[in-house]
Amino acid sequence: RVDYVKLDDASNTGDLKSEAKRALQRHACERIVVTEPGEWRLLKDLEGWAEELGVPVEIRTDDRFFCSREDFANWAEGRKSLRMEYFYRRLRRREGILIEDGEPVGGRWNFDKDNRKALPDDLDAPKPKGVKPDRITREVLELVEARFSDHFGSLEGFDLCVTGDQAEKAFEDFVQRRLPDFGDYQDAMRAGEPTLFHGVISFYLNAGLLDPRAVCARAETAWRDGTASINAVEGFIRQILGWREFVRGLYWLKMPDYKEMNALNAKRALPAFYWTGETDMACIADVVAQTKKLAYAHHIQRLMVTGNFALLAGVAPAEVNEWYMIVYADAYEWVELPNVQGMAIFADGGIMATKPYAASGKYIDRMSDYCKGCRYDVRKRTGEGACPFNLLYWNFLAEHRKSFENNPRMAMILRTLERMDDKEIKSIRKEAKALLEEICADGEQP
Ligand code: FAD
Ligand code: SF4
């Protein structure tokens with residue numbers, strides 16, 4: 001039986017613990033049984049409930065994940081560095097996913113290098129099929145409009161799934177129409193095409209409408225049936241069995257200190273265009289506009305456009321994390337925080353990634369068509385009209401040269417920096433300083 005407290009119930013206290021207390025008064029409960037939450041702060045709170053509420057509280061493991069918190073901690077124990085690839089191989093073997101006779105099918109664990117193709121101009125990506133809001137959804141949309149209309153985001157055209165059945169149908173549509181090309185174009189971006197060949201399922205997985213085990217099993221079947229290639233299916237399963245489980249394990253292992261880390265001492269305010277989308281940088285304008293409309297951006301947009309810019313601009317981690325938590329429908333702290341702190345802005349100093357995912361405009365130009373429609377010139381590093389990603393990239397390397405000099409994966413790019421003449425580095429530093437002062441000065445959340 002469900003006793004459902006609506007957001008706008010007059011007696012709703014707006015606080016989970018107080019609501020549990022009220023529920024205890026309404027029902028003759030002897031104990032509380034609860035699934036572990038996705039946030040460290042809330043877990044700590046729940047751990048104090050038994051004493052505060054005067055009933056036993058049982059916090060159960062969230063069995064919708066392949067790997068429990070304890071299991072991850074055991075794997076991590078004694079390791080000098082934590083690398084997703086080794087964790088993923090262990091889980092693949094243990095779960096028997098894409099494994100035959102104890103070995104990876106297709107003869108390799110990882111097909112990543114086949115997954116970085118640029119998108120051909122004439123290739124269209126099938127769009128996810130949306131769902132027409134039912135009565136309950138329409139009521140909730142009205143409630144949100146009435147209570148939160150000044151918040152970031154738009155309700156117009158809301159068509160996300162709200163039931164398990166709908167989410168399963170949406171996933172099946174992905175398997176049939178987009179999964180076959182998922183691998184090849186996983187890193188590609190195209191203006192005005194927010195979803196390309198991605199699953200668009202993170203909100204459903206994180207909210208419990210889709211089961212990760214069933215999702216991985218269905219993807220494996222697509223390979224066994226011959227409807228999708230191994231690089232597509234392995235690439236997709238790696239995101240869920242590998243990255244998703246790995247970031248969660250890392251989160252629980254490293255919290256609460258992880259949230260406070262700021263290895264690069266980044267202090268600037270988040271530029272206002274993260275909220276408004278008003279910038280001449282075509283790549284950022286496109287990603288922010290689609291984020292506002294859909295509460296969705298795919299991985300490379302989050303990592304190499306908005307994340308990369310925040311890294312290069314030295315935006316304070318708390319501001320970057322706040323933005324990612326607010327703007328995406330799939331944001332829960334266990335998954336948002338490691339992706340931002342560890343992957344996008346290197347605030348954890350290399351716990352998650354072996355080097356910062358810093359890139360100049362050249363990368364964005366290679367993987368997208370954004371630069372074609374941009375006021376800035378992606379071939380220019382400095383001077384009027386130079387692409388800000390270029391300017392800030394070289395400024396970032398010059399500023400953090402010392403921090404990275406012992407990192408072998410940064411050696412090649414630092415050598416290029418060494419070879420640059422001092423005059424050019426000076427003008428990069430000067431122009432970058434002026435640009436950053438201008439764009440970070442008005443960085444208040446509207
Ligand atoms: P697909 O590309 O189709 O991938 C399939 C599934 O794999 C995803 O649905 C997701 O569940 C999982 N997955 C892929 N990459 C990751 C990853 N790095 N970490 C965890 N799961 C992954 N994901 C969230 O679920 N919530 C977040 O708040 C979130 N914040 C992010 C912030 C930044 C800065 C970055 C770089 C990544 C973030 N991600 C987050 C990870 C990833 O970008 C999204 O899971 C993905 O874009 C969701 O789109 P999709 O369902 O189309 O994914
Ligand atoms: Fe983005 Fe620079 Fe390309 Fe413009 S030129 S779209 S700012 S990478």
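Quick rundown of the values:
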{"item": "Single residue of Trp109, Trp49 found to be closer than 29 Å to Thr221 by Cα and either surrounded by 12 or more Cβ atoms within 10 Å (Cβ to Cβ) or among the acidic types (Asp, Glu) (or both)", "result": "Trp109"}
{"item": "Among residues of segment 316-336, those that are under 20 Å from Ala207 (Cβ atoms), part of a helix (DSSP H, G or I) and either in contact with a Pro (Cβ under 8 Å, 6 or more places away or on another chain) or in contact (Cβ under 8 Å) with a residue 24 or more places away in the chain (or both), counted", "result": "5"}
{"item": "Subset of segment 337-365 [away from ligand 2 (no atom under 16 Å from the Cβ), of a type in the set (A, V, I, L, M) and in a helix (DSSP H, G or I)]", "result": "Leu337, Val340, Met343, Ala344"}
{"item": "Which numbered condition Ala285 misses (of (1) more than 19 Å from the chain's Cα centre (by Cα); (2) surrounded by fewer than 23 Cβ atoms within 10 Å (Cβ to Cβ); (3) aliphatic (A, V, I, L, M))", "result": "(1)"}
{"item": "Close pairs from segment 365-385: first more than 14 Å from Glu193 (Cβ to Cβ) and away from ligand 1 (no atom under 16 Å from the Cβ), partner among the aromatic types (Phe, Trp, Tyr) and at pLDDT 95 or above, Cβ under 7 Å, at least 6 apart", "result": "Arg381/Trp394; Gly385/Tyr376"}
{"item": "Condition check for Ala318: surrounded by fewer than 24 Cβ atoms within 10 Å (Cβ to Cβ) and within 12 Å of ligand 1 (Cβ to nearest atom)", "result": "no"}
{"item": "Where a residue in segment 216-230 is aliphatic (A, V, I, L, M) and buried (at least 20 other Cβ atoms within 10 Å of the Cβ) and its partner, wherever it lies, is at pLDDT below 95 and assigned to a loop (DSSP other than H, G, I, E, B), with Cβ under 9 Å and at least six apart", "result": "Ala228/Gly183"}
{"item": "Leading residue by the ranking (nearest to ligand 2 (Cβ to nearest atom)) among those in segment 366-405 that are among the polar types (S, T, N, Q) and surrounded by fewer than 21 Cβ atoms within 10 Å (Cβ to Cβ)", "result": "Thr382"}
{"item": "Residue match in segment 66-80 (condition: aliphatic (A, V, I, L, M) and touching an Asp or Glu at 6+ places or on another chain (Cβ under 7 Å))", "result": "no"}
{"item": "Filtered residues of segment 3-28 (kept if among the hydroxyl-bearing types (Ser, Thr, Tyr) and under 19 Å from Leu42 (Cα atoms))", "result": "Thr13, Ser18"}
{"item": "Some residue of segment 425-442 being surrounded by fewer than 19 Cβ atoms within 10 Å (Cβ to Cβ), over 22 Å from Asp280 (Cβ atoms), free of Cβ contacts under 8 Å to residues at least 12 places away in the same chain and out of contact with any Gly (no Cβ under 6 Å at 6 or more places or on another chain)", "result": "yes"}
{"item": "Top-ranked residue in segment 252-304 [being assigned to a loop (DSSP other than H, G, I, E, B) and of a type in the set (Asp, Glu); ranked as farthest from Ala318 (Cα to Cα)]", "result": "Asp280"}
{"item": "Qualifying residue in segment 50-59 (condition: within 26 Å of Glu245 (Cβ to Cβ), at pLDDT 95 or above and under 24 Å from the mean Cα position of the chain (by Cα))", "result": "no"}
{"item": "Index of the failed condition, Val335 passing every other in (1) under 22 Å from Ala188 (Cβ atoms); (2) within 8 Å of ligand 1 (Cβ to nearest atom)", "result": "(1)"}
{"item": "Qualifying residue in segment 416-437 (condition: within 22 Å of Arg302 (Cα to Cα), outside any helix (DSSP H, G or I), out of contact with any Leu (no Cβ under 7 Å at 6 or more places or on another chain) and of a type outside the set (Val, Ile, Thr))", "result": "no"}
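The values are calculated or read from the model by the stated rules, or taken from the named source; none is laboratory data. Given the structure is predicted, the values throughout are model-derived calculations rather than measurements. With ideal geometry, Cβ positions are generated from the backbone for all residues, glycine too; neighbour counts draw on all protein chains shown.
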